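Q: Take this structure, written in structure tokens, and hold onto it; I'll ask about it next.
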Amino acid sequence: MRCPYCAHYDSKVIDSRSSDGDRGHSIRRRRECKSCGSRFTTYERIEKTSRMMVIKKDGTRIPFDPQKVLGGIQAACGKRPVSEERKLDIVREVEDVIHRDFEREVDSIEIGRHVSRLLRETDDVSWIRYASEYQSFESIDQVQEAIQEHKSSPPPVTGQNELFSED
């Protein structure tokens with residue numbers, strides 16, 4: 001591992017632990033450079049052997065990228081009181097669901113549904129921001145309909161995909 005301070009390639013691991021508790025999504029390693037003695041932290045993530053492909057609305061296929069999901073969540077949450085930890089948890093939950101429920105390909109709509117469901121359980125304003133992009137609302141009436149539906153029905157139970165209709 002290259003030292004970020006002196007660029008020396010040799011370092012030793014001082015401490016190593018799973019950064020996500022029992023879930024084991026990544027490993028946090030505390031390192032010390034053998035040249036300059038500086039300490040730094042690295043995170044290692046296990047890469048899935050089969051690449052999940054996302055089928056976009058226009059039919060093109062791209063590799064699944066959790067960072068894109070996180071970017072959408074961060075945009076929706078804006079200055080809302082949603083912790084970075086919760087945002088990362090949502091990404092992990094979505095990633096776990098698509099790897100469990102789909103073999104090699106998943107529609108972007110499915111990813112959007114899962115993110116929307118989890119945001120709805122987390123923060124109403126972030127949910128409507130995300131939904132407005134995900135659903136491509138074209139009028140304030142559509143936004144009001146979604147809000148009315150939200151107010152009149154409890155959030156779907158985890159695992160259900162009935163947040164929005166597909167029209």
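Read-outs: derived from the displayed coordinates by stated rules, not from any lab. Remember, predicted model here, so these are calculated numbers, not experimental data. A quick note on method: Cβ atoms are made from the backbone with ideal geometry, for glycine too, and the neighbour counts reach across all protein chains shown.
Q: For region 53-152, go through all pairs of different Cα atoms, get the mean of 1/r, take its inverse, and jot down that Kirkwood value in Å.
A: Numbers: mean 1/r = 0.0712 Å⁻¹.
Evaluated over region 53-152, this radius sits at 14.1 Å.
Q: Taking neighbour Cβ counts within 10 Å as the exposure measure, how do 9, 130 sort from fewest upward? Walk me through the numbers before you get to the answer.
A: Details: 9 11, 130 22.
Taking fewest neighbouring Cβ atoms as first place, the list is 9, 130.
Q: How many lysine pairs does region 53-152 hold where the Cα atoms are under 17 Å apart and the two sit 8 or more places apart or on different chains? Don't skip to the end; give the middle numbers.
A: Details: 56/68; 57/68; 68/87; 79/87.
Here the count comes out as 4.
Q: So, one more: Sorted from fewest to most neighbouring beta carbons within 10 Å, what does the list 98, 147 look like?
A: Working: 98 19, 147 14.
Fewest-to-most ranking of 98, 147: 147, 98.
Q: Okay, next question. Using a basic spin-label model with each label point 7 Å from the Cα along Cα→Cβ, how many nm lie between residue 124 and residue 141?
A: That separation, rounded to one decimal, is 2.4 nm.
Q: Okay, next question. Distance in nm between label sites at residue 40 and residue 55, each 7 Å beyond Cα in the beta-carbon direction?
A: Rounded to a tenth, the inter-label distance reads 4.3 nm.
Q: Still on this structure: Between residue 93 and residue 68, how many nm apart are label points set 7 Å from Cα along the C-beta direction?
A: For the pair residue 93/residue 68, the computed spacing is 2.2 nm.
Q: Order these by the 10 Å Cβ neighbour count, fewest first: 107, 58, 65. Mind showing how you got there, number by number?
A: Numbers: 107 14, 58 6, 65 11.
The most exposed by this proxy come first: 58, 65, 107.
Q: Still on this model: With θ set to phi - 60° and the Karplus curve 6.51 cos²θ - 1.76 cosθ + 1.60, what are the ³J(HN,Hα) couplings of region 100-113 in order, to the nearest whole Hz, using x for Gly and Pro?
A: 7, 8, 10, 7, 10, 9, 9, 6, 4, 4, 5, 4, x, 5
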